[in-house]
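A short write-up of the structure that comes next.
The values are calculated or read from the model by the stated rules, or taken from the named source; none is laboratory data. In this text, all values refer to a predicted model and were calculated from it rather than measured experimentally. When we count neighbours, we look across all protein chains shown, and the Cβ atoms used for this are built from the backbone with ideal geometry, even at glycine. These accessible areas exclude ligands, DNA and RNA; they are computed on the full protein's heavy atoms, side chains included. Shrake-Rupley method; radii C 1.70, N 1.55, O 1.52, S 1.80 Å.
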Amino acid sequence: MELFIDPADERGLTVQLYDQVREAILAGRIGPGDRLDSTRRVAAGLRIARSTVAEAYYRLGAEGYIVGRAGGGSVVGPVPAVAPDGPRRTSARLPPVPAVGAIRPYGQQQGQTARYDFRPGSLDPALFPTADWRRCMLPALDHPAGSYGDPAGSPALREELAHWVARSRGVLATAEEVFVTAGAGHAVDLIARALVPPGSVVAVEEPGYPPVVELLHSHGFTVIGVPVDAEGIVVDAIPSQARLVYVTPSHQYPLGMPMSRRRRLELLAWANRAACPIVEDDYDSEFRHTARPLEPLQRLDAEGWVLYVGTFSKSLSPALRLGFLVAPLTVIPALRALRQVIDWNPPQATQSALAAMIRDGHLDRHLRRCRGVYARRRRLLWDGLGATLPAGYTRLPAVAGLHIAVVAPGLGGEPLAHTDVRYSELGRCYAAEPVRDGFLLGFAGIPTALLPEAIKAFSGLLRHSAPELRGQR
Ligand SMILES: Cc1ncc(COP(=O)(O)O)c(C=O)c1O
């Protein structure tokens, strides 16, 4: 641990050293068995007499905080960490700006695990292609580059992604138009920073994807929820002054329907008239349940208003933090400049591993396998809910993706609390007042063998709740 001294401190040098080590031990920052620097090294680093350090260590040893090690040196003794007395650090004087302080967490709360996790963001770790990933990762780990990479992403990965999105989704992209990001949310953040003036009005689908709504709020934008109907966002209801429109055309989040072709064309015509960029978040169309996908907005867009966003959070793992966007060439320099002053790019080793996963066919093989597994789970969940949901609850058909939305018969109600079962709430997906309540049940995070009992547990929970229960806020 780093030790500091202040020659002007009246406590003297020995006590200053003693206090710092003791406080670090009591606060748990260093724990039993952790090595302390030798008295010689501390003395040399601080340019003080070695005997001063030795005296501090002697006192810590006498009180049991540290013990001598066979072969020399000292380690922290078996002292239980308890909060130190005296003044504590406080962040009371560092309140976040209101737009950030108001962010409400969505979905995955840290540290929470449940036996049956239906939250749409959860994946079953057993499906991750560990052997392939390791094989692709190892060469990348051997030769870390000595320089920052391209802020737009590694050329090899951009090349692979351009081919992959063209082949798998019909998106028209060259490697130069692809920009590697740390997931879809990050892509939207970069777009907002680069293209949307401060204080703008931006439009999202209502209901929509809460993290993006919160993200746009945190930029200080006025976020307007635009209703969706059976064909997708109601274009006539988009405010004319909107400077960005965020949509999920392949699989509307959270309700599940695709945006009709007619509506796509209408939205593009609107974007052209309003000179407004459109974000097409294609977050889960690797998992399609219908035979014929609709052409992506990006492909239909002749004028260059659409920024297409993809992620590997569903297809590989949300923990990798890898996604990408396909942007008109004119936008790439601004994104590159922006990225360069933030974080440059995702770790080069993971980019390199992903490029190899795509190039060597591992990703396609993994997706084929997952599609089979998820088709079974989806069928189990759909049928299971059909057989067990109380009267009045409606399952919504989904054309793609890894969750099913269930609409409750009305609005409001007490929380559905159960430590074993987790799910997301439809009501939470409304930027304004919810007009429908219900649940979002993901089927990717629960092993197939566990799914029947998980469905029973969920439906049981509903039945045992008050009949007027609709969901939880
Ligand atoms: C609509 C939508 N967009 C994007 C994502 C993924 O975001 P990210 O790539 O930032 O993990 C999700 C994940 O559940 C989603 O539902």
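Applying 0.36 nm per residue to the separation of residue 174 and residue 295 and subtracting their alpha-carbon distance, the gain on full extension is 41.8 nm.
Proximity of backbone amide H atoms, modeled 1.01 Å from N, is registered between residue 222 and 200, 201, 202 at under 5 Å, excluding neighbours fewer than 5 places apart on the same chain. Ligands, DNA and RNA left out, the 1.4 Å accessible surface of the range 128-361 is 56% carbon and sulfur atoms. Among beta bridges identified by DSSP and lying wholly in the range 128-361, the antiparallel ones come to about 40 percent.
Take every pair of alpha-carbon atoms less than 8 Å apart whose residues are at least six positions apart; their mean separation over the length of the range 128-361 yields a relative contact order of 30 percent.
Please give the length that would be gained between residue 275 and residue 134 if that part of the chain were fully extended, namely 0.36 nm times their separation in residues minus their C-alpha to C-alpha distance (nm, one decimal). List each step's numbers first, then the result.
Values: separation 141, 0.36 × 141 = 50.76 nm, distance 4.51 nm.
Full extension from residue 275 to residue 134 adds 46.2 nm.
Of the peptides 126-132, 306-312, the ranking by mean beta-carbon count within 10 Å, highest at the top, reads 306-312, 126-132.
If the chain linking residue 63 and residue 40 were pulled fully straight, counting 0.36 nm for each residue of separation and taking away their Cα-Cα distance, it would gain 6.1 nm. Using the 1.4 Å probe convention, the accessible area of the range 13-76 works out to 54 Å² per residue with neighbouring protein chains retained.
Hey, with R₀ at 25 Å, roughly what FRET efficiency would residue 330 and residue 167 work out to, going by the Cβ-Cβ distance, to 0.05? Present the calculation step by step, with values, prior to reporting the outcome.
Numbers: r = 25 Å, r/R0 = 1.01.
Efficiency at R0 = 25 Å is approximately 0.50.
What helices does the chain have that are whole DSSP H segments, at least 15 Å long along their own axis by Cα, and with mean Kyte-Doolittle hydropathy of 0.5 or more? Please list the in-between numbers first.
Values: long enough: 13-26 (20 Å, 0.40); 50-62 (18 Å, -0.28); 130-142 (18 Å, -0.28); 155-169 (21 Å, -0.65); 184-195 (16 Å, 0.99); 261-274 (20 Å, -0.97); 348-359 (16 Å, 0.37); 362-388 (38 Å, -0.90); 451-464 (19 Å, 0.31).
Helices meeting the criterion: 184-195.
Note on the range 128-361: with charges restricted to the Cβ of Lys and Arg (+1) and Asp and Glu (-1), its dipole about the Cα centre is near 200 debye. Determine the relative contact order of the range 13-76: mean sequence separation of Cα pairs under 8 Å and six or more apart, normalised by residue count, in whole percent. About 42 percent, as a whole number. Taking the Cα centre of the chain as reference, the dipole from Cβ charges on Lys and Arg (+1) and Asp and Glu (-1) amounts to some 900 debye. Can you say what percent of the DSSP beta bridges in the chain, counting only those with both residues inside, are antiparallel? Round to 5. Of those bridges, close to 60 percent are antiparallel.
Each Cα pair under 8 Å and six or more residues apart adds its sequence gap; the mean of these over the residue count of the chain is a relative contact order of 18 percent. Placing R0 at 22 angstrom, the Cβ-Cβ distance between residue 420 and residue 448 gives a FRET efficiency of 0.75 after rounding to 0.05. Between the amide H of residue 66 and those of 61, 77, distances stay under 5 Å, these residues lying 5 or more places away or on another chain, with hydrogens modeled in the peptide plane.
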